[in-house]
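Where a number appears in this text, it was derived from the coordinates with a stated rule and is not lab data. Note that the structure is predicted; figures quoted are calculated from it, not measured. As a convention, Cβ positions derive from the backbone with ideal geometry for all residues, glycine included, and neighbour counts pool all protein chains shown.
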Amino acid sequence: MDSNIKNIRQQRGASPLRGMNPLSGGESPRASNPLRSVKSLRSAKSLRETSSGGSVIVETALIFLVFACLLLGAFDFGQFLFVHQALVERARYAARWGAINDPTNATSITNMVLYNSPTGSGTGYFNLTSANVFVTDPGVGTDNYILNVQLSGYKYTRVSPYIAGSYTGPQINVSVPLGIFN
């Protein structure tokens, strides 16, 4: 019975191209032992799986660090834009208030920038002081009469790596024309 099974297996597996290397014209070295090639594939696969396990963690950590730095940079840029735009709006509001009420009263206009009130005290808007606000009104009584409100020397903080610290923001100038136009 064993010989019958052996014969059937030989007949089924017998094909004219099986075990032949079409490029060389002879038998391939793997044809002599098909289990050897399967074992070598399995061992290569398991070697690749075990050797790449730690590199995935390292690559993920490096990508996370880059992503975190980009996220902090975007946060810093957004914070700077918010502070700058809020100060510009406060200076515009104070200049309009000064143009309507009393353009020559620099102290009241400065208080409007700092405290949003003509007579204010306490901590200024975004820690501004009266030294950061300059109010001028050149050309009084002429066609070139202008009310200028200037903010300079204000500080904002960055938290991004390598550039963290306190920085001085750019100068903000707001002008309101008050002259008599002919």
note = Counting only residues 5 or more apart in sequence or on a different chain, those whose built amide H sits under 5 Å from that of Ile146 are Leu178
remark   = Rounded to the nearest Å, the spacing of the alpha-carbon centers of segment 52-105 and segment 141-182 is 18 Å
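Tell me whether segment 53-177 comes out rounded, prolate or oblate; compute the Cα gyration tensor, take square roots of the eigenvalues as a ≥ b ≥ c, and use a/c under 1.5 as the rounded threshold. Let's see the in-between values first.
Numbers: a/c = 4.24, a/b = 3.22, b/c = 1.32.
The shape class here is prolate.
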key: Rounded to whole Hz, the Karplus (6.51, -1.76, 1.60) HN-Hα couplings of segment 91-107, x for glycine and proline   = 5, 4, 4, 5, 5, 5, 4, x, 5, 7, 8, 8, x, 8, 8, 5, 5
request  = Working from the alpha-carbon coordinates of segment 115-182, get Rg over Rh, Rh being the Kirkwood radius.
outcome  = 1.15
remark   = Taking placed amide H atoms and a strict 5 Å upper bound, the residues 5 or more places from Tyr154 or on another chain that come that close are Gly169
note = With +1 on the Cβ of every Lys and Arg and -1 on the Cβ of every Asp and Glu, the dipole magnitude of segment 53-177 about its Cα centre, in debye rounded to the nearest 20, is 140 debye
key: Residue among Ser166, Leu128, Pro177 farthest towards the positive dipole end of segment 44-182, charges placed on Cβ   = Ser166
